[in-house]
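Here's the structure, in C-alpha cells; my notes come after.
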Amino acid sequence: MTTSVGAPALAARDKQIDRLASERFDLLVVGGGITGAGTALDAASRGLRVALVERDDIAVGTSSRSGKLIHGGLRYLEHLRFGLVREALSERHRLLRLAPHLVHMEPFLFPVFGSLLAVPYYGAGLALYDLLGAARDGGRTRFLSARAARSRSPALRGEGLRGAFLYHDAVEDDARFALAVARTAGRQGAVVVTRCRAVEVIAASGRAAGVRVRDELAGRELDAAAGAVVDATGHWAMDGGGPFAGVGAPVMPSSGVHLVVPRERIPSELGLTIRVPGRIIFLIPWGRFWLLGTTDVPYAGSPDRPAPSADEIDYLLDHANHALGVRLGSEDIVAAFSGIRPLASDPTARSTVRASREHRILVRDDGLVSVRGGKYTTYRLMARDAVDAALGPAGRRAPSRTADLPLAGALPRSPLAALAVGLTERFALSAATARHLIGRHG
C-alpha cells in the first residue's frame, strides 16, 4: 500500500476545515496576501481566536509580484510624505531584526546625469533619507565621482554622468516572507486555510458575524462564524461578483511591472536607482538575475493573474537603455510579471504615481473592516490598525505584540551564517547554494 506524499498535509488541512466549521472565532480574515497574513498574526499574537481563508494560495497575488524591496521610498520625499518615509524606514529596521533570513541590506547607486546642480539637489534628498532613518542600517550615503561610479557599475552610460550616490536599502523574498508570516500565525494558534473561497458575509442582528466559504478542494460550503470580519482582499475587491464588491474605501488599482533580466546582461556590482521623469525605476539584484521595475499606471483589467502590457515593457526598456550603456531588448527578458497595487482612492491625486501609499481602514456600519492601500514594508502597521479597528475599545486591552515577534525560520545573523557553513560541510553543497537555502527557509 502506498501513501500519497501530500496525504499528511491534506489531513492537517481537513482538521483546519473542521475547526473553521465548528468553532466561533474572535476574528475572521479574508485574503492571504501580506496584509491578511499580517492581520491574522497580529490577532493571534494578542491571544485571540483567529482564522484566515484564502481562495487560492498564500501570496498568490501582489504579495509575490512586488519589487522585493523593504524601503522607505525615496520618491515619496519629493511628494513631502516625510512621515510615511520615516515610518517605513523604522519598519525596515524592525524587519531586518525579525526576519534576517528573508530581509537583507543591499548597496544601490543613484546615478546623476545632466546639470551639475542636480548633484546637490539629489544629495539633499538622500541626506534627508539618512536623517529619517536610512543611515541606521546601511550607513550614511556617500558620493562617488563618475569614474568611481562606472568602476562599480560599468553598465552606466558615461555621457552626461556627473557621479552617483551610494546608499543602502533592504531586499526581501516577498512570497517567502508572506508565507513566513502565515506560518508564524499558525504557530500562534491561527487557523489558516487556502483554496477556501469567501462567498458571502453572514449577518446577524445587523452585524457581520462571519463568512460563508466554499472549500474548493471538497466542493462544499460551510459557515465560519466570527465576532468580527476583516476584508484584506486588496485589489480583488474590484471583482464585481465577490463578497466585498463596493465595500470599504474605493480602490485605485495601479499596475507595477517588473522585468527579469540575466545578471550578466547588465555588468554592475551594485543595484541601481534610476531617476526618470515623474518617478524612479530600480535595477534590483535577485540571485542570478536583475529585476527591472517598476511602472505605475492605472489598471482596469481582471484582478486575477494580471499580465504586463507591451507599453509597460517598452517603457522600462527605453528608460533603462537611456541610463545604461547596454541595449536591452525583448530577447533579453527571461520573465515579466505585474503586481496590482490596491491604492486607496485619492481624489487629490492626478495620477496613481502621486496617489498616497498610506493605508486606510474603513469600518462599515455592520462592523466589517476593510483595509486598502499601504506598502509591503509597513504591512505590520496595517495589520495592527485593522485588528484595533475590528476590536474597537477592547483593542487597547489586548495590544499588538508583533513588534518583537520573530518570524518562522528567523535566527540572528551569526547563527544563520553558521547554519549555512554546516549545510555546505554536511551535504557537500556550494556556499552559494547553502546561503540561498537559508535565505529562503531560515
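The values are calculated or read from the model by the stated rules, or taken from the named source; none is laboratory data. Since the model is a prediction, treat every value here as computed from it, not as a measurement. Please note: Cβ atoms are built from the backbone with ideal geometry, for glycine as well, and neighbour counts cover all protein chains shown.
Residue by residue, here is whether (1) in contact with an Asp or Glu (Cβ under 7 Å, 6 or more places away or on another chain); (2) buried (at least 24 other Cβ atoms within 10 Å of the Cβ); (3) in a helix (DSSP H, G or I) holds:
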position	(1), (2), (3)
60	no, no, no
63	yes, yes, yes
72	no, yes, no
89	no, yes, yes
105	yes, no, no
116	no, no, no
122	no, no, yes
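Of all residues being assigned to a strand (DSSP E or B) and in contact with a helix residue (DSSP H, G or I) (Cβ under 6 Å, 6 or more places away or on another chain) in region 217-228, which is surrounded by the most Cβ atoms within 10 Å (Cβ to Cβ)? Just the residue, please.
Looking at the filtered set, the residue picked out is 224.
Go through region 238-262 and give me each residue that's outside any loop (DSSP other than H, G, I, E, B) and modelled with pLDDT under 70.
238
Would a scan of region 250-268 turn up a residue that is more than 30 Å from residue 151 (Cα to Cα), touching a strand residue (DSSP E or B) at 6+ places or on another chain (Cβ under 7 Å) and aliphatic (A, V, I, L, M)?
Yes, because at least one residue in region 250-268 is more than 30 Å from residue 151 (Cα to Cα), touching a strand residue (DSSP E or B) at 6+ places or on another chain (Cβ under 7 Å) and aliphatic (A, V, I, L, M).
Restricted to region 127-146, and to residues that are in contact (Cβ under 8 Å) with a residue 40 or more places away in the chain and of a type in the set (A, V, I, L, M), which residue is surrounded by the most Cβ atoms within 10 Å (Cβ to Cβ)?
Ranking the candidates gives 134 first.
Can you find even one residue in region 198-216 that is assigned to a loop (DSSP other than H, G, I, E, B) and touching a strand residue (DSSP E or B) at 6+ places or on another chain (Cβ under 7 Å)?
Within region 198-216 (the criterion being assigned to a loop (DSSP other than H, G, I, E, B) and touching a strand residue (DSSP E or B) at 6+ places or on another chain (Cβ under 7 Å)), the answer is yes, since at least one residue qualifies.
A quick yes/no check of all residues on (1) out of contact with any Ser or Thr (no Cβ under 6 Å at 6 or more places or on another chain); (2) under 30 Å from residue 369 (Cβ atoms); (3) surrounded by 17 or more Cβ atoms within 10 Å (Cβ to Cβ):
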| position | (1), (2), (3) |
| --- | --- |
| 244 | no, yes, yes |
| 252 | no, yes, yes |
| 258 | no, no, yes |
| 268 | no, no, yes |
| 277 | yes, no, no |
| 292 | yes, no, yes |
| 302 | yes, yes, no |
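From the set of residues in region 268-303 that are in contact with a His (Cβ under 7 Å, 6 or more places away or on another chain) and free of Cβ contacts under 8 Å to residues at least 60 places away in the same chain, which is nearest to residue 327 (Cα to Cα)?
Here the answer is 292.
Taking only region 400-423 into account, find how many residues are within 19 Å of residue 104 (Cβ to Cβ) and free of Cβ contacts under 8 Å to residues at least 40 places away in the same chain.
Residues meeting the conditions: 8.
Would you point out the residue of region 305-348, among those that are free of Cβ contacts under 8 Å to residues at least 24 places away in the same chain and not in a helix (DSSP H, G or I), that is nearest to the chain's Cα centre (by Cα)?
Taking the candidates together, the pick is 305.
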